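The values are calculated or read from the model by the stated rules, or taken from the named source; none is laboratory data. For clarity, every value in this text was computed on a predicted model and none was experimentally measured. Positions of Cβ are backbone-derived with ideal geometry, glycine not excepted, and every protein chain shown enters the neighbour counts. In case anyone asks, the SASA skips ligands and DNA or RNA and just uses the protein heavy atoms, side chains included. Shrake-Rupley method; radii C 1.70, N 1.55, O 1.52, S 1.80 Å.
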Amino acid sequence: MAAPTPTTAPDSGASSDATYRSARVPLLLPTWLVIGFFLILPVALMAVYSFLTKEMRGGVIWEFSLAAYDQFFINRGLFGDEPASLEWTYISVFGRSIAQAATATTLCLLIGFPTAWFIATRAPATRGVWLFLITVPYWVNLLIRTVSLRFLIRENGPLNDALLGSGLIAEPLALINTNFAVQLGLFYSYLPFMVLPIYAAVERYNFTLSEAAADLYASRWVTLRDIVLPIVKPGIIAGCLLVFIPSLGAFLAPNLLGGAKNFMIGSLIEEQFKRSLGNWPFGAAVSMILMSLVLVLLLLYARSMARAEAR
Amino acid sequence: MQTAIDIRTVTKTYGTFTALHGVSLSIMDNEFFTLLGPSGCGKTTLLRMIAGFEDVTKGDILLFGQNIAALDPNLRPVNTVFQQYALFPHMSVIDNVAFGLKMKGFDLPTRRKRAGEMLDMVHLSSFADRLPAQLSGGQQQRVALARALAPQPKVLLLDEPLSALDLKLRQAMRMELKQLQQDTGITFIFVTHDQEEALTMSNRIAVMSAGHVQQIGTPRDIYESPVNRFVADFIGETNLLEVEVASITGDLAQVILPGGHSITCSTATHDPGRHHLSIRPERLTLGPVGTGLEATVDQVIYLGTDLQVLVRLDGGTPLQIRIQNAARIEVPEPGTRIGLQLEEGAARLLAD
Ligand SMILES: Nc1ncnc2c1ncn2[C@@H]1O[C@H](COP(=O)(O)OP(=O)(O)OP(=O)(O)O)[C@@H](O)[C@H]1O
Ligand SMILES: [Mg+2]
């Protein structure tokens, strides 16, 4: 088993070190191009736009302005003549979105973990079938799936029909344009993003460790808490991030299932770039604020992880 | 002496495949007991049933008189040293060792103290705060041992715990394990497919093959008085010849070798007829022609400490002989005619 480890370090000191460095630039170029073109450039564009003046029918006037951020944070009354106070409208949209995204993440975790566990503990040959079934809905466009969800839960849709038929309810439930509908939409859209990373972690989990724990007098519950969860934690966290972040910015589910009063950040941003209502700088500013929020959350998380690691 | 584990006609089937056929074993308290057999014979299966990881299809397992066949593994006062150690990768060495104590409800100071003592015992005190991944294979093995011993189980199960170590370490660990077993007084049930390991460490050995226990006995019993071809052949080296039984009286049999010679030997059977005879190569001595069985030297193979001499009896039966490579040895040339003597206990008549 003791294969010699291939040496990656340059074998002849300084000269090859220089070669290595000069070779690095062309080798890294594709990476930098992709990152620059798809990440830095769009974000920089957003950042710049958020500080420009709006053009009435969409677009921007190239003139520096803080109006977008002012609109987000500061309330000067309907006619702009009252003393400035904190504007709650958009902050509450943020608050609601965070609550929705957190709920969706929790639901996805509660359902996704057992699902991932189930798949990962099947015989290797059948795991592929289960994973395949999980991904099948993704062959259909998200918009279409969200619209069909609308049909499923509408007043004379199959869900209400079934419930009425079974005698569980007397009146059809008004599910559309509720928080519940948005939740359902988010849960449905992002569940696989929870299942897949947890599956990958559980599949790598060495089940002998659970036997070892049982052997050392741990109950099933304690084994799950003290052995399994800490070991598959990276998968759980990846899944939570993959559900939480897109849920926070989602606009299809809130728009199509939630209606006006269940407005989320995604819808708010989307609206700013529609021709009729367009306020590009404001849309850009909301995006920037959302992104900063997510970054701060990620940094806090990374720091707490690093601290846990150090302990 | 008290019986620690009583295995009563235990059968294990997986679907249509039977891994164990009505195995019965009694393991004494304070015994170093080894399950020995080739790959796939059911050693791990039996051990896992004692630990509670596999259901017993049929039969009972008693631990100090209590039937544990239906008990969950976490309720059995039995601990396991796993083949691949199965250390908890996210816990430090000391936390690994203290895990069983924590589960049994000991308070933190007691846990610390006891786990510390265990690490002392396996000479790893200075590694207490490392993670398992930061240890060598041998060190991990010791942690696994300390972890399984810390809750002071009544019985310790060890599934080929040394197989992942290199030869030198394996030999050192044999002695340590044996010492540990004597010091702690815990019953050890040790699984291996290495006969040398089994012979050097065990009080008693159960030789298994294809889901059956072939023979149970002390290392000396197993080696010197094998009951059948499988045991004689699996433990050490031997010459197996088919012979005709002339007569059996008590524990002695009179048999006729292929060349027509007749010898007396111990026997594992009382049935007359044709049986196999096992002759240990190191219990044969070479002498001048005219003493003992007449034979011709075919080949001499140099083995370092020993010489292996391949001879042919008059009548054509080949035999191998082991002689020590001593300073004043006379190495016979191929073609030489010699006389062969069977020392006391060289031959044994087998049941099959
Ligand atoms: N879960 C299972 N399903 C089906 N057959 C099994 C299962 N576990 C073990 N077996 C079979 O039972 C037999 C005994 O297996 P076991 O693991 O006990 O062998 P072993 O003596 O420990 O061998 P080794 O020395 O290779 O570890 C083997 O033929 C094996 O294929
Ligand atoms: Mg095995």
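Considering only the range B:37-63, how many residues are more than 16 Å from ligand 2 (Cβ to nearest atom) and either over 23 Å from B:Arg147 (Cβ atoms) or not in a loop (DSSP other than H, G, I, E, B) (or both)?
Number satisfying all stated conditions: 9.
Name the helices (runs of 4 or more DSSP H) wholly inside the range A:196-296 in which the number of residues that are more than 11 Å from chain B (Cβ to nearest Cβ) is 3 or more.
Hits in the range A:196-296: A:229-249, A:265-272.
Determine whether the range B:214-228 contains at least one residue that is surrounded by fewer than 20 Cβ atoms within 10 Å (Cβ to Cβ), in the same structural domain as B:Gln308 (by the TED database), over 28 Å from B:Asp306 (Cα atoms) and touching a strand residue (DSSP E or B) at 6+ places or on another chain (Cβ under 8 Å).
No, the range B:214-228 contains no residue that is surrounded by fewer than 20 Cβ atoms within 10 Å (Cβ to Cβ), in the same structural domain as B:Gln308 (by the TED database), over 28 Å from B:Asp306 (Cα atoms) and touching a strand residue (DSSP E or B) at 6+ places or on another chain (Cβ under 8 Å).
Mind checking which pairs have a first residue in the range B:325-352 that is at positive phi and a second that is of a type in the set (S, T, N, Q) and part of a loop (DSSP other than H, G, I, E, B), Cβ under 9 Å, 6 or more apart or different chains?
Final answer for the pair search is B:Gly345/B:Ser225.
Only one of B:Phe64, B:Phe82, B:Phe88 is of a type outside the set (D, E, K, R) and either over 28 Å from the mean Cα position of the chain (by Cα) or modelled with pLDDT of 95 or more (or both). Can you tell me which?
Being of a type outside the set (D, E, K, R) and either over 28 Å from the mean Cα position of the chain (by Cα) or modelled with pLDDT of 95 or more (or both) holds for just one of B:Phe64, B:Phe82, B:Phe88, which is B:Phe88.
The rows are residues; the columns are (1) assigned to a loop (DSSP other than H, G, I, E, B); (2) in contact (Cβ under 8 Å) with a residue 40 or more places away in the chain; (3) not charged (D, E, K, R).
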{"residue": "A:Trp32", "(1), (2), (3)": "no, no, yes"}
{"residue": "A:Phe37", "(1), (2), (3)": "no, no, yes"}
{"residue": "A:Val43", "(1), (2), (3)": "no, yes, yes"}
{"residue": "A:Thr53", "(1), (2), (3)": "no, yes, yes"}
{"residue": "A:Gly58", "(1), (2), (3)": "yes, yes, yes"}
{"residue": "A:Glu63", "(1), (2), (3)": "no, no, no"}
{"residue": "A:Ala68", "(1), (2), (3)": "no, yes, yes"}
{"residue": "A:Phe72", "(1), (2), (3)": "no, yes, yes"}
{"residue": "A:Leu78", "(1), (2), (3)": "yes, no, yes"}
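What is the residue count in the range A:154-173 for residues that are surrounded by 13 or more Cβ atoms within 10 Å (Cβ to Cβ) and in contact (Cβ under 8 Å) with a residue 12 or more places away in the chain?
Total meeting the criteria: 6.
Conditions tested, residue by residue: (1) closer than 27 Å to B:Ser247 by Cβ; (2) buried (at least 17 other Cβ atoms within 10 Å of the Cβ).
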| position | (1), (2) |
| --- | --- |
| B:Ser262 | yes, no |
| B:Thr267 | yes, yes |
| B:Ile279 | yes, yes |
| B:Val289 | no, no |
| B:Gln299 | no, no |
| B:Val309 | no, yes |
| B:Arg312 | no, no |
| B:Gln324 | no, no |
| B:Ala327 | no, no |
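Grab the helices (runs of 4 or more DSSP H) fully contained in the range B:183-251, keeping just those with 1 or more residues being under 18 Å from B:Leu46 (Cα atoms).
Passing ranges, in order: B:195-201.
What residue, among those in the range B:37-62 that are within 11 Å of ligand 1 (Cβ to nearest atom) and in contact with a helix residue (DSSP H, G or I) (Cβ under 6 Å, 6 or more places away or on another chain), is nearest to B:Asn203 (Cα to Cα)?
Checked the range B:37-62; the qualifying residue nearest to B:Asn203 (Cα to Cα) is B:Gly37.
In the range B:52-63, which residues are buried (at least 22 other Cβ atoms within 10 Å of the Cβ) and within 13 Å of chain A (Cβ to nearest Cβ)?
B:Gly52
So, in the range B:132-175, how many residues would count as being without any contact (Cβ under 8 Å) to a residue 40 or more places away in the chain, outside any loop (DSSP other than H, G, I, E, B) and among the charged types (D, E, K, R)?
Residues flagged as without any contact (Cβ under 8 Å) to a residue 40 or more places away in the chain, outside any loop (DSSP other than H, G, I, E, B) and among the charged types (D, E, K, R) within the range B:132-175 amount to 4.
Of all residues in the range B:112-131, count the ones that are more than 24 Å from the chain's Cα centre (by Cα) and part of a loop (DSSP other than H, G, I, E, B).
The total comes to 6.
From the set of residues in the range B:64-83 that are of a type outside the set (Phe, Trp, Tyr), within 16 Å of ligand 2 (Cβ to nearest atom) and within 9 Å of another protein chain (Cβ to nearest Cβ), which is nearest to B:Gln2 (Cα to Cα)?
B:Thr80
Out of all the residues in the range A:132-153, which are part of a helix (DSSP H, G or I) and open to solvent by 70 Å² or more (accessible area, probe 1.4 Å)?
A:Phe132, A:Leu133, A:Tyr138, A:Trp139, A:Leu143, A:Ile144, A:Arg150, A:Phe151, A:Leu152
Determine whether the range B:181-193 contains at least one residue that is closer than 19 Å to B:Asn79 by Cα, of a type in the set (Ser, Thr, Tyr), within 16 Å of ligand 1 (Cβ to nearest atom) and in contact with a Leu (Cβ under 7 Å, 6 or more places away or on another chain).
yes
Within the range B:64-82, how many residues turn out to be closer than 24 Å to B:Thr44 by Cβ and open to solvent by 60 Å² or more (accessible area, probe 1.4 Å)?
Counting residues in the range B:64-82 that are closer than 24 Å to B:Thr44 by Cβ and open to solvent by 60 Å² or more (accessible area, probe 1.4 Å) gives 5.
Working only within the range B:24-36, note down all residues that are within 16 Å of ligand 2 (Cβ to nearest atom) and of a type in the set (Ser, Thr, Tyr).
B:Thr34
Only one residue in B:Thr34, B:Thr11 is within 16 Å of ligand 1 (Cβ to nearest atom), part of a strand (DSSP E or B), away from chain A (no Cβ under 14 Å) and surrounded by fewer than 18 Cβ atoms within 10 Å (Cβ to Cβ), so which one is that?
From the options B:Thr34, B:Thr11, the qualifying one is B:Thr11.
Can you pull out the residues in the range B:146-161 that are open to solvent by 10 Å² or more (accessible area, probe 1.4 Å), within 16 Å of ligand 1 (Cβ to nearest atom) and out of contact with any helix residue (DSSP H, G or I) (no Cβ under 7 Å at 6 or more places or on another chain)?
The one that is open to solvent by 10 Å² or more (accessible area, probe 1.4 Å), within 16 Å of ligand 1 (Cβ to nearest atom) and out of contact with any helix residue (DSSP H, G or I) (no Cβ under 7 Å at 6 or more places or on another chain): B:Glu160.
What is the one condition in (1) assigned to a loop (DSSP other than H, G, I, E, B); (2) more than 16 Å from ligand 1 (Cβ to nearest atom) that B:Gly100 does not satisfy?
Here B:Gly100 clears every test but (1).
Just to be sure, is B:Ile94 touching a Gly at 6+ places or on another chain (Cβ under 9 Å), in contact (Cβ under 8 Å) with a residue 24 or more places away in the chain and open to solvent by 20 Å² or more (accessible area, probe 1.4 Å)?
Against the criterion (touching a Gly at 6+ places or on another chain (Cβ under 9 Å), in contact (Cβ under 8 Å) with a residue 24 or more places away in the chain and open to solvent by 20 Å² or more (accessible area, probe 1.4 Å)), B:Ile94 qualifies.
Please go through the range A:48-79 and pick out each residue that is basic (Lys, Arg) and surrounded by 12 or more Cβ atoms within 10 Å (Cβ to Cβ).
Selection gives A:Lys54, A:Arg76.
Quick check, is A:Ala104 under 24 Å from A:Met46 (Cα atoms), of a type in the set (A, V, I, L, M), open to solvent by less than 50 Å² (accessible area, probe 1.4 Å) and not in a loop (DSSP other than H, G, I, E, B)?
For A:Ala104, the condition - under 24 Å from A:Met46 (Cα atoms), of a type in the set (A, V, I, L, M), open to solvent by less than 50 Å² (accessible area, probe 1.4 Å) and not in a loop (DSSP other than H, G, I, E, B) - is not met.
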